[in-house]
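Written out below as structure tokens is the structure these notes cover.
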Amino acid sequence: MFWADRIAQEIKEKVTPRRGAGKPILIRDEKTASGRVHVGSMRGVAIHGALAAALTDMGVANEFKYEINDFDPFDGLPNYLDASVYGPLLGSQLYKTPSPDPSAPNFAEFYGEEFKKVITDSGYHPEFYRASELYLSGKMDEAIRLVITHAKRIGEIYKEVSGSQKVSEWLPINVICENCGKVSMTKASDFDGETVAYTCVAVKLDWGGIGCGHEGRVSPFGGKAKLPWKPEWAAKWYVLGVDVEGAGKDHSTKGGARDVANHIARDVFGIEPPFDVPYEFFLVGGQKMSSSKGRGSSAREIADLVPPKIFRLALLGKEINQAFNFDPEGETIPTLFDQYDKLADSFAAGVQDDYARLFRLVENNMESEPSVPFRMRFSQLAFAVQMPHIDLYKAAEELKGSALTDADKAELDERARYAKNWLTSYAPEKYRFALQETLPEAASSLSTLQKQALTRIKELLEKSTSPEDLHTGIHALKDELSIPAGELFSAIYLAFLGKKEGPKAGWFLATLDKTFALTRLEEAAK
Ligand SMILES: [Zn+2]
């Protein structure tokens, strides 16, 4: 069974009874808007989105809520921001930190909006909300009271589960300093039922935040304080009634954040933690690159490299316990297109298997039959767009063997657009080609046997009637001349492209102006 169906089935069996009949299952995920969002966060969006779709398909009502966390502190300085402006703001809340661009009201909205756009552009439409809405509306107040009054138990959980020791008067709450507005540096104690005492500690933290030294008493309710990460995670499950929430495997280790939050959920809030879906990383160029350091690893930048359906394939195509490495400079992009083509062909042939389920999710179409247009292989198309003599529609029509439909043309145009973009940005050298107007220098290395082969190819081209005919004729030369395939084909590519590799030879030669091709073959064979 396809992973999304398998997990959805498990959710249906385990979660529906405790949720109660008729109530939709709540699926939740979140991202802190602390800068440009790394593409890895899209895997969570896609997994939760796929589970929502699979549950709906099973007839299980559900909602998918996505939180843009804007109430967290700004706790890391991305390298694309001016340190002299943003450095002193470290430790303040994201929704109160100024936006780097006047188009957004604050920092969190600026980066949150960019990420939301990637999510919706990728075909996912969760209900978005912000963490500040939960706190400022007072919805978190009851949970805050429960956390503060169970400080001792939470301290024990930290110690038992994760091994971290808290000081005895510690209260698990971060007051927002009334003097400097920072939240990370405050230490609270002595809850009297209405207010807590706090100090804004004027010691520089390892990530650069520093408090102002202010001391006071304040109510921790109504958005004047926020819970630390792990109690907050459990509090959100309690407040919203979350049934399903997965997280990256880095949070899901024993003694990790999820483990601590699960204990708090049971012991402090008296609820069963949501159904967990731990998943592996989505890497860029082999590393779990952080968005503050990496170039080109943000969700926006990676999503822009391929059409949304190909992006969804990258996000959903692997089992969730397997990492995916998106390498824009390697084979990832052509490979994804090839995988898509295989899925599409199999689906069009009526095969009903796991790949058909994946294809539906990739197509974002669980209800009707996705239509499958004609597709030119990406590597071939990437070659074709670099050849000014090739008319793309004509070439595709010849490959298809019949006239192109509007859907075929749209698919072709889309692929061509992404192929051109890839060629001007990340494509490896082996995919870059230029038809050489004069005999390339590299062709001077051709052996006598290769030259002999080119003379025979010239004869074949003179009388050939189709690319297939030419293709068969060229392949027959391997035996006829006892020439290894590599030498045979590289002779052709060296003569026209000045490189040892190229596209399908018969097809390529047939696309060329015949007189030009014959002249070149003759020149190269001299
Ligand atoms: Zn302060």
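The values are calculated or read from the model by the stated rules, or taken from the named source; none is laboratory data. Quantities reported herein were computed from a predicted structural model and do not represent experimental measurements. Positions of Cβ are generated from backbone atoms using ideal geometry, with glycine treated the same way; all protein chains shown enter the neighbour counts.
Working carefully through the options ALA510, ALA476, find the one that is more than 25 Å from LYS394 (Cα to Cα) and either assigned to a helix (DSSP H, G or I) or out of contact with any helix residue (DSSP H, G or I) (no Cβ under 9 Å at 6 or more places or on another chain) (or both).
ALA476
Confirm whether LYS23 is in contact with a Phe, Trp or Tyr (Cβ under 8 Å, 6 or more places away or on another chain) and either closer than 22 Å to ASN321 by Cα or part of a loop (DSSP other than H, G, I, E, B) (or both).
When the stated conditions are applied, LYS23 does not pass them.
Here are some residues: THR335, THR253. Which one is outside any helix (DSSP H, G or I), out of contact with any Cys (no Cβ under 7 Å at 6 or more places or on another chain) and surrounded by fewer than 21 Cβ atoms within 10 Å (Cβ to Cβ)?
THR253
Could you go through the range 147-157 and let me know if any residue there is more than 16 Å from the ligand (Cβ to nearest atom), more than 27 Å from ASP267 (Cβ to Cβ) and in contact (Cβ under 8 Å) with a residue 60 or more places away in the chain.
No, that holds for no residue.
Output the residues belonging to the range 62-81 that are modelled with pLDDT under 95 and among the acidic types (Asp, Glu).
The answer is ASP75, and nothing else.
Do we find a residue being part of a loop (DSSP other than H, G, I, E, B), small (Gly, Ala, Ser) and under 26 Å from the mean Cα position of the chain (by Cα) anywhere in the range 36-57?
yes
For GLY163, work out the one condition from (1) among the small types (Gly, Ala, Ser); (2) within 36 Å of the chain's Cα centre (by Cα); (3) more than 16 Å from the ligand (Cβ to nearest atom); (4) crowded, with 17+ Cβ neighbours inside 10 Å it doesn't fulfil.
The single condition GLY163 does not satisfy is (4).
Scanning the range 188-223 for residues that are buried (at least 19 other Cβ atoms within 10 Å of the Cβ) and not in a loop (DSSP other than H, G, I, E, B), which turns out nearest to the ligand (Cβ to nearest atom)?
Ranking the qualifying residues of the range 188-223, first place goes to CYS200.
Given the conditions (1) away from the ligand (no atom under 16 Å from the Cβ); (2) under 35 Å from the mean Cα position of the chain (by Cα), which single one is not true for GLU142?
Failing condition for GLU142: (2).
Restricting attention to helices (runs of 4 or more DSSP H) lying wholly within the range 72-185, give those where 3 or more residues are farther than 29 Å from ASN262 by Cβ.
Helices (runs of 4 or more DSSP H) meeting the threshold: 83-86, 107-121.
May I ask you to say which residue of ARG28, ARG19 is of a type in the set (D, E, K, R), touching a strand residue (DSSP E or B) at 6+ places or on another chain (Cβ under 9 Å) and crowded, with 22+ Cβ neighbours inside 10 Å?
So the residue among ARG28, ARG19 that is of a type in the set (D, E, K, R), touching a strand residue (DSSP E or B) at 6+ places or on another chain (Cβ under 9 Å) and crowded, with 22+ Cβ neighbours inside 10 Å is ARG28.
I'd like to check something: does the range 125-138 contain any residue that is charged (D, E, K, R), in contact with a helix residue (DSSP H, G or I) (Cβ under 9 Å, 6 or more places away or on another chain) and surrounded by 19 or more Cβ atoms within 10 Å (Cβ to Cβ)?
Within the range 125-138 (the criterion being charged (D, E, K, R), in contact with a helix residue (DSSP H, G or I) (Cβ under 9 Å, 6 or more places away or on another chain) and surrounded by 19 or more Cβ atoms within 10 Å (Cβ to Cβ)), the answer is yes, since at least one residue qualifies.
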